[in-house]
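S.K.: Got a structure for you, questions after.
The values are calculated or read from the model by the stated rules, or taken from the named source; none is laboratory data. Everything numeric in this text was worked out from a predicted model, so none of it was measured. Cβ coordinates were reconstructed from backbone atoms using ideal geometry, including for glycine residues, and neighbour counts include every protein chain displayed.
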Amino acid sequence: MRRFFLIMALSFVCCLSFGQAQSTQVEYQKINRPGVQVELPFPVKTIENAIEESFSKIGYKYSKSKGFMIFRSVRLTKLGPDAYDLFFVVDKKSRRDKDNSIVSLLVSTGNDVFNDDNSNHNLYTNSLAYLDSLRTTVAAYDLDQQIISQEDEVKSAEKKYQKLQDEGKDLESKKRKIESDISDNQKSQGSQVQELDKQRKILEALRARKLGS
């Protein structure tokens, strides 16, 4: 158990130690747009599910468009005082590396006008900080999923154990029945030996009478 929590703690630290978010260019509608980007040590699906859950908790749903998860008119104090359109895209780091992903975020102030350091410096730096904070969000989500999965494993193991207990009780009952049947059989064998001896003696007596006549 201690080893399990140590592994989880090391995984969490490893997650936090990944590179910091940085500026990037992301193609959207065939045009390179300014955004921010970070690498996270999780598969694409885990990150997408974590993002979806985090926004669902505060009342936002996303639409999917050409690989982007788009949240419209989002108000997040972490970003700023206004409402923003957030465009997330999550890709595998490489074809062979499915356990690490690149998360890109485009922040629009409306009408697909995307922010960069020159447009609004505060919004830009807040976007970097927000994307960095996504590490802990995804790590927490991933841990929750592992806990749920492990709870299912425990339930499955408990169910199998209960089944084995029930089978054991049934086998014990059958064992007692067999032992009782064996005891009854042995008694019957003893009685039958006596009966067999008796019938043999009668047969011998009859044969003797025949020889004597």
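S.K.: List pairs: first in the range 51-64 and free of Cβ contacts under 8 Å to residues at least 40 places away in the same chain, second exposed (fewer than 15 other Cβ atoms within 10 Å of the Cβ) and not aromatic (Phe, Trp, Tyr), Cβ under 6 Å, 6+ apart or cross-chain?
M.R.: Close Cβ pairs (under 6 Å, with a partner that is exposed (fewer than 15 other Cβ atoms within 10 Å of the Cβ) and not aromatic (Phe, Trp, Tyr)) do not exist here.
S.K.: Additional query: Which residue pairs have Cβ atoms under 7 Å apart, sit 6 or more places apart or on different chains, and have a first residue in the range 135-158 that is of a type in the set (Lys, Arg) and a second that is not in a helix (DSSP H, G or I)?
M.R.: So the pair list comes out as Arg135/Phe18; Arg135/Leu40.
S.K.: Taking the stated definitions as given, is Arg135 in a helix (DSSP H, G or I) and touching a Phe, Trp or Tyr at 6+ places or on another chain (Cβ under 9 Å)?
M.R.: Values: in a helix (DSSP H, G or I): yes; touching a Phe, Trp or Tyr at 6+ places or on another chain (Cβ under 9 Å): yes.
Criteria met by Arg135.
S.K.: In addition: From (1) surrounded by fewer than 15 Cβ atoms within 10 Å (Cβ to Cβ); (2) in a helix (DSSP H, G or I), pick out the condition that doesn't hold for Gly110.
M.R.: (2)
S.K.: Got a number for residues in the range 68-103 being among the small types (Gly, Ala, Ser), within 20 Å of Pro41 (Cα to Cα) and in a loop (DSSP other than H, G, I, E, B)? Walk me through it before giving the result.
M.R.: Of the range 68-103, the ones among the small types (Gly, Ala, Ser) are 73, 80, 83, 94, 101.
Within this subset, residues satisfying the condition of being within 20 Å of Pro41 (Cα to Cα) are 94, 101.
Those still in the list that are in a loop (DSSP other than H, G, I, E, B) too: 94.
Residues in the range 68-103 being among the small types (Gly, Ala, Ser), within 20 Å of Pro41 (Cα to Cα) and in a loop (DSSP other than H, G, I, E, B): 1 in total.
Matching residues to (1) among the hydroxyl-bearing types (Ser, Thr, Tyr); (2) surrounded by fewer than 11 Cβ atoms within 10 Å (Cβ to Cβ):
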position	(1), (2)
Asp132	no, no
Thr136	yes, no
Ile148	no, yes
Glu158	no, yes
Asp170	no, yes
Lys177	no, yes
Gln194	no, yes
Lys198	no, yes
Lys201	no, yes
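S.K.: Right, here's the next one. Inside the range 113-123, can you point out the residues that are surrounded by 18 or more Cβ atoms within 10 Å (Cβ to Cβ) and among the charged types (D, E, K, R)?
M.R.: Correct list: Asp116 only.
S.K.: Among what's in the range 26-60 and is modelled with pLDDT under 95 and of a type in the set (S, T, N, Q), pick the residue that is surrounded by the fewest Cβ atoms within 10 Å (Cβ to Cβ).
M.R.: The qualifying residue surrounded by the fewest Cβ atoms within 10 Å (Cβ to Cβ) is Gln29.
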